[in-house]
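Enquirer: Would you mind keeping the following structure in view while I ask a few things?
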Ligand SMILES: *Cc1c(COP(=O)(O)O)cnc(C)c1O
């Protein structure tokens, strides 16, 4: 099929849920993708933070294909050593206690929301079900996670949304205090608002949330769907802040390119979900777990994390020398760029024409390169970005 045929049939057979760039990617190696015409692209996107080991990493392919050949799926009615291995790894990496495996970020967040409400219901009874999230947050596309998302543009068409969410301004402790009441059971935040424009929270604000949660037995829950799995140079971003949340959610990079999500909770929440209160058909699928086990074995070593921090700094230093760059935000290899000309969308489209895949978030350019991208690929990508930005 030619690109034009693909595009025509996409229009004909698929719901028009996505605005897409004009290319059809069909293969890749490392941080270099290839489209249907054989044109190559440097990849600064990882498929939105998913392919953390790049395209078709050798060890990852072996783990996934080996598992497909051994057994591709069993139901959650039976024990699975692969699920146990992922869960054990996540507990050891976070110092937390129990894991629920699912298929996506939105599902991991649904699990966190259910844990918060049931914990509170079990302990305090009805009337303590509100969850505070932040203005400008993003938590997913299900009806409930849209309700948790603190952006008005997401609160349209699909009424009625799930009740019980209140939105507090990021980094505004007074606004947080003003929204506290006896009805609040959890505070649920991203530490760097990803879709919201790569906005890191201040340490002071996060500490205030943690203190309030401890004092009032409110659950401190962190959406690490985009920031997790070593993206920021720590395995989970909260580890930069020196605080211990009650719940974290993880997805995107966790499977390195296959769908898997996880909700991880502390010991005090270990018994909240019981048989029959939550479940999923595909969650913890063996292929997904084999992929996650491989990813976690690679990206969580001290030397790998140090390299993520180093590459993040290297990219920042390169960006600082490019015209039209006004501000650089983010931590590690999660990077947002405010442009002088406020033309991120236009730049992103031109980058694709010039052989660079790059993301936007709000009116920013956003980089989420594969964590193992080479310095040579970084240089090539930055050079294309420079050409486009300074044109
Ligand atoms: C992408 C994202 C989600 C949603 O994840 P899906 O896998 O698309 O459901 C939730 N929260 C954050 C912070 C995200 O970046």
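Enquirer: Tell me yes or no: at least one residue of the range 171-187 is in contact with a helix residue (DSSP H, G or I) (Cβ under 6 Å, 6 or more places away or on another chain), within 16 Å of the ligand (Cβ to nearest atom) and on the phi < 0 side of the Ramachandran plot.
Expert: Yes, the range 171-187 contains at least one residue that is in contact with a helix residue (DSSP H, G or I) (Cβ under 6 Å, 6 or more places away or on another chain), within 16 Å of the ligand (Cβ to nearest atom) and on the phi < 0 side of the Ramachandran plot.
Enquirer: I want to confirm something. Restricting to the range 195-207 and keeping residues that are away from the ligand (no atom under 16 Å from the Cβ) and part of a helix (DSSP H, G or I), which single residue is farthest from residue 364 (Cα to Cα)?
Expert: Within the range 195-207, the first condition is being away from the ligand (no atom under 16 Å from the Cβ), and the residues that meet it are 202-205, 207.
Adding the requirement that they be part of a helix (DSSP H, G or I) leaves 203-205, 207.
Values: 203: 23, 204: 25, 205: 23, 207: 27 Å.
Checking each candidate, the answer is 207.
Enquirer: Return the only residue of 331, 337 being surrounded by 15 or more Cβ atoms within 10 Å (Cβ to Cβ), under 30 Å from residue 92 (Cα atoms) and in the same structural domain as residue 25 (by TED's automatic domain parsing).
Expert: Just a single option satisfies the conditions, and that option is 331.
Enquirer: (1) more than 10 Å from the ligand (Cβ to nearest atom); (2) in contact (Cβ under 8 Å) with a residue 40 or more places away in the chain; (3) more than 27 Å from residue 293 (Cβ to Cβ): which one isn't true of residue 125, the others all being true?
Expert: Of (1) more than 10 Å from the ligand (Cβ to nearest atom); (2) in contact (Cβ under 8 Å) with a residue 40 or more places away in the chain; (3) more than 27 Å from residue 293 (Cβ to Cβ), only one is false for residue 125: (2).
Enquirer: I'd like to check something: does the range 148-158 contain any residue that is modelled with pLDDT of 95 or more, assigned by TED's automatic domain parsing to the domain that holds residue 212 and under 12 Å from residue 109 (Cα atoms)? Can you show your working first?
Expert: The first filter runs over the range 148-158 and keeps only residues modelled with pLDDT of 95 or more, leaving 148-158.
Pick out the ones that are also assigned by TED's automatic domain parsing to the domain that holds residue 212 and you get 148-158.
Then keep just the ones that are under 12 Å from residue 109 (Cα atoms); that gives 148-149.
There is at least one residue in the range 148-158 that is modelled with pLDDT of 95 or more, assigned by TED's automatic domain parsing to the domain that holds residue 212 and under 12 Å from residue 109 (Cα atoms).
Enquirer: Related question: Condition (residue is at pLDDT 95 or above and either part of a helix (DSSP H, G or I) or within 16 Å of the ligand (Cβ to nearest atom) (or both)) applied to the range 28-35: is it met by at least one residue?
Expert: No: the range 28-35 contains no residue that is at pLDDT 95 or above and either part of a helix (DSSP H, G or I) or within 16 Å of the ligand (Cβ to nearest atom) (or both).
Enquirer: Which of (1) in a helix (DSSP H, G or I); (2) out of contact with any strand residue (DSSP E or B) (no Cβ under 8 Å at 6 or more places or on another chain) is the odd one out, the single condition residue 210 does not satisfy?
Expert: (2)
Enquirer: Among the candidates 69, 17, 63, single out the residue that is loosely packed, with under 12 Cβ neighbours inside 10 Å and under 22 Å from residue 288 (Cβ atoms).
Expert: 69
Enquirer: Between residues in the range 223-252 that are modelled with pLDDT under 95 and residues that are crowded, with 24+ Cβ neighbours inside 10 Å, which pairs lie under 7 Å by C-beta distance while being six or more apart or on different chains?
Expert: Filtered contacts from the range 223-252: no entries.
Enquirer: Every residue in the range 72-94 that is assigned to a loop (DSSP other than H, G, I, E, B) and loosely packed, with under 15 Cβ neighbours inside 10 Å, please.
Expert: 72, 73, 74, 75, 77, 78, 79
Enquirer: A further question on this structure: For residue 21, are the conditions met, namely being touching a helix residue (DSSP H, G or I) at 6+ places or on another chain (Cβ under 7 Å), over 27 Å from residue 365 (Cα atoms) and either modelled with pLDDT of 95 or more or not in a loop (DSSP other than H, G, I, E, B) (or both)?
Expert: So residue 21 fails the test.
Enquirer: Is there a residue being closer than 14 Å to residue 389 by Cβ and touching a residue at least 60 places away in the same chain (Cβ under 8 Å) anywhere in the range 325-332?
Expert: yes
Enquirer: Only one of 303, 268 is under 24 Å from residue 50 (Cα atoms) and out of contact with any strand residue (DSSP E or B) (no Cβ under 6 Å at 6 or more places or on another chain). Can you tell me which? Let's see the steps before the verdict.
Expert: Working: 268 fails: under 24 Å from residue 50 (Cα atoms).
Only one candidate passes the filter, namely 303.
Enquirer: Let me ask something else about it. With surrounded by 18 or more Cβ atoms within 10 Å (Cβ to Cβ), in contact with a helix residue (DSSP H, G or I) (Cβ under 8 Å, 6 or more places away or on another chain) and farther than 23 Å from residue 206 by Cβ as the only criterion, which of 161, 165, 154 stands out?
Expert: Details: 161 fails: surrounded by 18 or more Cβ atoms within 10 Å (Cβ to Cβ); 165 fails: farther than 23 Å from residue 206 by Cβ.
Just one listed residue meets the conditions, 154.
Enquirer: Can you name the number of the only condition in (1) under 27 Å from residue 216 (Cα atoms); (2) more than 14 Å from the chain's Cα centre (by Cα); (3) within 16 Å of the ligand (Cβ to nearest atom) that residue 153 fails?
Expert: (1)
Enquirer: Considering only strands (runs of 3 or more DSSP E) fully contained in the range 213-331, which possess at least 1 residues that are more than 19 Å from the chain's Cα centre (by Cα) and more than 16 Å from the ligand (Cβ to nearest atom)?
Expert: Counting at least 1 such residues, we get 219-223, 325-331.
The values are calculated or read from the model by the stated rules, or taken from the named source; none is laboratory data. Source: prediction; values computed, not measured. Don't worry about glycine lacking a Cβ; one is built from the backbone with ideal geometry, like all the others, and counts go over all protein chains shown.
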